[in-house]
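Here the structure comes first, spelled out in structure tokens, and everything after it is commentary.
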Amino acid sequence: PVGRRMASPQGGGKQRRRGPQLQQVLLQMSAACEMARHQELPSRAHSTNHWTKQRTSELHALRRECHMWQAECNRLWLQVQQLRNQQDDKAAITLAASACWPA
């Protein structure tokens with residue numbers, strides 16, 4: 001605005017007195033930030049560790065389930081093979097019997 005005079009350099013005494021106060025506040029804020037950062041790191045590590053343990057537990061459960069299904073698949077495959085062998089044996093017996101006793 002026109003007609004207003006700027007503050008004289010002599011009025012800077014307030015600024016100079018505020019400087020140390022501002023610096024003190026900034027130092028306190030910096031210390032608080034640093035303390036919060038140090039407190040957050042173990043919290044993050046615990047959270048990450050918990051997540052890792054949970055994921056590891058889930059993976060173990062899935063592997064157990066996978067092995068269970070593989071075992072079931074193998075059991076059923078063996079049963080199919082046994083039934084085929086029984087069928088082949090019956091067919092061979094029938095064939096041999098018909099060869100021995102012609103109709």
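Things to note:
- Number of the exception - N49 against (1) surrounded by 10 or more Cβ atoms within 10 Å (Cβ to Cβ); (2) at pLDDT 75 or above; (3) over 44 Å from the mean Cα position of the chain (by Cα): (3)
- Taking the listed residues R55, R84, the one that is in a helix (DSSP H, G or I) and at pLDDT 90 or above is R84, with no other qualifying.
The values are calculated or read from the model by the stated rules, or taken from the named source; none is laboratory data. Worth saying up front: this structure is predicted, and the values here are computed from it rather than measured. Counting neighbours? That spans all protein chains shown, and the Cβs are built from the backbone with ideal geometry, glycine included.
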